[in-house]
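The structure appears below as structure tokens.
The values are calculated or read from the model by the stated rules, or taken from the named source; none is laboratory data. In this text, all values refer to a predicted model and were calculated from it rather than measured experimentally. Here Cβ is always computed from backbone atoms with ideal geometry, including for glycine, and neighbour counts include all displayed protein chains. These accessible areas exclude ligands, DNA and RNA; they are computed on the full protein's heavy atoms, side chains included. Shrake-Rupley method; radii C 1.70, N 1.55, O 1.52, S 1.80 Å.
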Amino acid sequence: MPEQSDKSNPPEKELGLAPDPSPEEEPRIGVYVCNCGGNIGDVVNCKQVAEALRNIPNVVTSHSNMFMCSDPGQKLITDDIKEKGINRVVIGACSIFLHEQTFRQAVERAGLNPYLYYHVGLREQDSWVHYNHPEDATEKAIRLMLAGVAKARKMEPLEPVRLQAEKHALVIGGGVAGLRTALDIARSGLKVTLVEKSHFLGGRVAQWERVFPTGETARTLLQRLLEQVQAEPDITIHTGAKVVKTKGYVGNFQIHIRQQPRGIKADFDAVDQAIAACPVEIPDEFNYGLKTRKAIYQPYSGCYPAGPVVDWEHCTHCEKCLEFSHNHDINLDDTPIEFDINVGAVAVATGFRPYEPFPGEMGYGKFPEVITLPQLERLLAADGPTGGKLEWNGRSVRSLAMIHCVGSRQVDDVHQPQPDGQVNNYCSRVCCTATLNAANIIHERLPETRIYDVYTDIRTYGRGHEDYYTLASKNGVTFLRYFVEDIPEVYPAEKGSYYSMLVKVKDQLTWGEEIELPVDLVVLAVGMMPNPVDDLIGLFNITPGNDRFLLEVHPKLSPVETSVVGIVLAGTAQGPMNIQESCTAAAAAASKVVVLLGRGQVEMEPYVAQIDIERCQGNGDCVRVCPQEDAIKLETFSKNGTSFQRAVVTPANCNGCGVCVSTCSHRAIDVLGWRLDDYEAMVDAITAEIPVLEGVPA
Amino acid sequence: MAEGELPMATSTNNNRPKILILGTLSGGYRGADSVGQEHLEYPPNTYILPVMSAAIFPETFYMRAFERGFDGIIVMFSGTDCPYKGAPERTAEIINKTYELMKERKLDLNRLRLAAICTVCVRPFIEEVHKMEQLLDEIGKLPHPLPP
Ligand SMILES: Cc1cc2nc3c(=O)[nH]c(=O)nc-3n(C[C@H](O)[C@H](O)[C@H](O)COP(=O)(O)OP(=O)(O)OC[C@H]3O[C@@H](n4cnc5c(N)ncnc54)[C@H](O)[C@@H]3O)c2cc1C
């Protein structure tokens, strides 16, 4: 673990003479130009490139080769390292993202530090984009390889940052994604603490009726997962709990947790009486406001943890419930507890919330007959407000319209933006199949009910999802298509009409005909938005994307990793996903955590800031601008009896963002592996008046 | 075409304007790879260097690159999707400061552009390059040495 100084009493360090620079190793550079079959070599004259580089200072050997990534190609490098004393390697080949690890390993196998290799992309960034200009492509290859050589001259051996790691992970959020992550981590032998902000586990899935694509009831699915989690001794669960403070870095995060009390003992046996006695009535969030609940409540029977809780925000302390409390079963004076845990990694699985239409949006909030898809799910649920009967205003629904893409795929200047000024231009992915699933359930229960499905596009993209569309078509669901320029209008029918509401659609399936749909109920298939996690974004320095969902480092190559090493994402905190995708993401997040912590030690890329203590003037600009917590600080040193301050980096807290580099007017900071000097040398190499192109043998 | 049959690069092309593209690994550099994967063409006088975060470059770096022979520079970062907190804001701040220095040296400010390019932003990448190319066609190379 990197040395940490005690902030309260900063030690004064003796700054000795700068250590003698180890006798500088003369760079002996090997240059390798890959033809990539013909992918590069059919456009770029690789032989000429290799020849052009041959007589450049420090270049000891220069080859062109058909496949550098092949065994013989790699052997060429390892032989040169062993036999010709090559100590820097520059390879021009396909994308760095494909073969960087291959070549790093080859270099390491030959005994060279793996960071003494530089990769130039000659395929995606040259031959594949300049195929009509082979001469120019060859010249470009030569200049880019020259830049690579210029960089190679300055490369230095680097070591990954190695840190002790707690074999203990934190999972934030107890929906399916969080539960799956916790389970997979614990089954790999690590300890897990799961923190759920509500008093019950399960997240949104607990609210749904029957889930696609398996048709299982959501509760059965959830129950199975919950039983497995409960049976796992290495998982500790804290509900009603939130992370309120964090410190540290990968391998050793100190997490401060605040937990609300439940206020009621688990074995309290007069639950129904206590609930009945409570005079408070507030909208029940579990049922999306379709009914009310008390300030003592339990979202549904069979929930985990079992037993009701006190809603501290709404409890008036009238003490009516205490009449049924013997042995202090109810304690209205309970207070939150706070405690710390140390973990090596964190999985953020904070999930989503359904889009809340603006008042009046397609009649929502204005007409009670307009509800959302999550509300419909509650109406269809056996333990919902109507006991699973699709009833509205006391009678069965005879006709309903379901409108897709409400709060998804929005367009600037058409839709009302969120408070941050952005519309939700993304697809929420789940709503199309969820809507068709609900339509099929309704048809099953009320075959006479007329169902209109009003869509923009139907995106039943997953395996088995299209079956829901096929079945809905067979069930006689009427499909109408609207374009975003003509959002359907929802308004009440004339008084005394058979159906109370009308939906006007400019239907593109009938070439723009305006059709009025007479209905009892309008269901808005609302999209997904991330649960608000600004606090966690601040605490962990993670980043949301433009769509406000949490951002991964790279959607394809590092899909669940954030830019902060040791913090991973699971499930819909990262973007709209169905249950299957949430669990896949959770499994990926868990495996990242296990790989990271499994050995009790973590290794990080060495690309962190480094201070040149001789150049540093200790003015603290870098400390002020650093966006990371505790990544750079000023420490007091002394030399010949004089005290002064110098910046010191804590590598584990630095993510190499480079903000400090551009701020230091003394050029006393660099990011290792990405030094400013390197870039200047590369710029010089590319722009140099190079005579090398003339007279090069073909 | 077999390797031996390929035409040789015979001129140094030192007279063509040169464009430096600083592409972040989470943005423009991968965006350039995506353009390549689609085999879309853009002019070859473009030199893309991979950078972890564009926030490392102070304004003096850009001025130096102009002095050394680049005629246009495009910084392709991932904008608000940048994985490094604070880095995009800092990059934008430096570019603005660089514009001040460019004004002092009477350089056309359009020679330096900051563009948000994502890993699959193929069309925006091509558009940025063409925009710069067009500009350089119109206003030409920078004189060397640069006016003080
Ligand atoms: C109407 C509708 C119907 C759907 N039907 C289906 C279906 O049939 N099939 C299907 O596959 N998918 C369906 N889905 C999608 C499914 O609901 C999601 O894939 C699933 O809920 C994602 O699980 P999650 O754990 O990522 O998020 P969530 O279920 O949202 O769980 C997140 C959990 O994190 C907790 N949390 C949030 N913030 C914090 C914090 N700061 N600290 C601690 N805890 C926190 C929350 O309280 C919650 O318990 C449907 C979605 C909708 C909207």
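A few notes on this one:
- A:Ala231 away from every other protein chain (no Cβ under 14 Å), open to solvent by less than 20 Å² (accessible area, probe 1.4 Å) and either of a type in the set (A, V, I, L, M, F, W, C) or within 10 Å of the ligand (Cβ to nearest atom) (or both): no
- Cβ separations smaller than 9 Å between residues 6+ apart or across chains give the following pairs from the stretch A:163-175 residues that are away from every other protein chain (no Cβ under 14 Å) and within 10 Å of the ligand (Cβ to nearest atom) to residues that are open to solvent by 10 Å² or more (accessible area, probe 1.4 Å) and among the polar types (S, T, N, Q): A:Ile172/A:Thr350; A:Gly173/A:Thr350; A:Gly173/A:Asn531; A:Gly174/A:Ser198; A:Gly174/A:Thr239; A:Gly175/A:Thr350; A:Gly175/A:Thr572.
- For the stretch A:184-206, a residue qualifies if it is open to solvent by 10 Å² or more (accessible area, probe 1.4 Å), small (Gly, Ala, Ser) and away from the ligand (no atom under 15 Å from the Cβ), and the qualifying residues are A:Ser188, A:Gly189.
- Residue list for the stretch A:379-428, filter: assigned to a loop (DSSP other than H, G, I, E, B), of a type in the set (A, V, I, L, M) and within 25 Å of A:Glu516 (Cβ to Cβ): A:Leu390, A:Val397, A:Val411, A:Val414
- Qualifying positions in the stretch A:353-375 - closer than 22 Å to A:Gln298 by Cα and over 29 Å from the mean Cα position of the chain (by Cα): none
- In summary, A:Phe268 fulfils each of the numbered conditions (1) buried (at least 17 other Cβ atoms within 10 Å of the Cβ); (2) at pLDDT below 95; (3) in a strand (DSSP E or B) with the single exception of condition (3).
- The stretch A:176-226, residues that are hydrophobic (A, V, I, L, M, F, W, C) and without any contact (Cβ under 8 Å) to a residue 24 or more places away in the chain: A:Ala218
- Evaluating B:Ile73 against the criteria (1) touching a residue at least 40 places away in the same chain (Cβ under 8 Å); (2) on the phi > 0 side of the Ramachandran plot leaves one unmet condition, (2).
- One residue stands out in the stretch A:557-588 among those that are away from the ligand (no atom under 16 Å from the Cβ) and either within 12 Å of the chain's Cα centre (by Cα) or at positive phi (or both): the one that is most open to solvent (accessible area, probe 1.4 Å), namely A:Glu561.
- Inter-residue pairs, beta-carbon under 9 Å, first within 28 Å of A:Glu139 (Cα to Cα) and in the stretch A:92-118, second of a type in the set (Asp, Glu) and part of a loop (DSSP other than H, G, I, E, B), 6+ apart: A:Tyr115/A:Glu156; A:Tyr115/A:Glu159; A:Leu116/A:Glu156
- Screening A:Gly240 with (1) modelled with pLDDT of 95 or more; (2) within 12 Å of the ligand (Cβ to nearest atom); (3) on the phi < 0 side of the Ramachandran plot; (4) surrounded by fewer than 22 Cβ atoms within 10 Å (Cβ to Cβ) gives one miss only, at (3).
- Within the stretch A:207-228, the set of residues being of a type in the set (S, T, N, Q) and either within 13 Å of the ligand (Cβ to nearest atom) or under 30 Å from A:Glu466 (Cα atoms) (or both) comprises A:Gln207, A:Thr214, A:Thr217, A:Thr220, A:Gln223.
- Here A:Ser591 fulfils each of the conditions (1) within 16 Å of the ligand (Cβ to nearest atom); (2) open to solvent by 10 Å² or more (accessible area, probe 1.4 Å); (3) of a type in the set (Ser, Thr, Tyr) apart from (1).
- Inter-residue pairs, beta-carbon under 9 Å, first within 14 Å of chain B (Cβ to nearest Cβ) and in the stretch A:431-442, second more than 7 Å from the ligand (Cβ to nearest atom) and open to solvent by less than 10 Å² (accessible area, probe 1.4 Å), 6+ apart: none
- Residues that are open to solvent by less than 40 Å² (accessible area, probe 1.4 Å) and part of a loop (DSSP other than H, G, I, E, B) were ranked within the stretch A:207-220; the one that is modelled with the lowest pLDDT is A:Glu209.
- Looking across the stretch A:490-505 at every residue that is out of contact with any helix residue (DSSP H, G or I) (no Cβ under 6 Å at 6 or more places or on another chain) and in contact (Cβ under 8 Å) with a residue 24 or more places away in the chain, the one that is surrounded by the most Cβ atoms within 10 Å (Cβ to Cβ) is identified as A:Val503.
- Residue ID - surrounded by the most Cβ atoms within 10 Å (Cβ to Cβ), chosen from residues in the stretch A:650-668 that are within 14 Å of chain B (Cβ to nearest Cβ) and farther than 20 Å from B:Ala65 by Cα: A:Cys660
- Verdict on A:His404 being within 28 Å of A:Gly464 (Cβ to Cβ), away from the ligand (no atom under 11 Å from the Cβ), at pLDDT 95 or above and not aliphatic (A, V, I, L, M): yes
- Hey, B:Lys97 within 14 Å of another protein chain (Cβ to nearest Cβ) and more than 15 Å from the chain's Cα centre (by Cα) or not: yes
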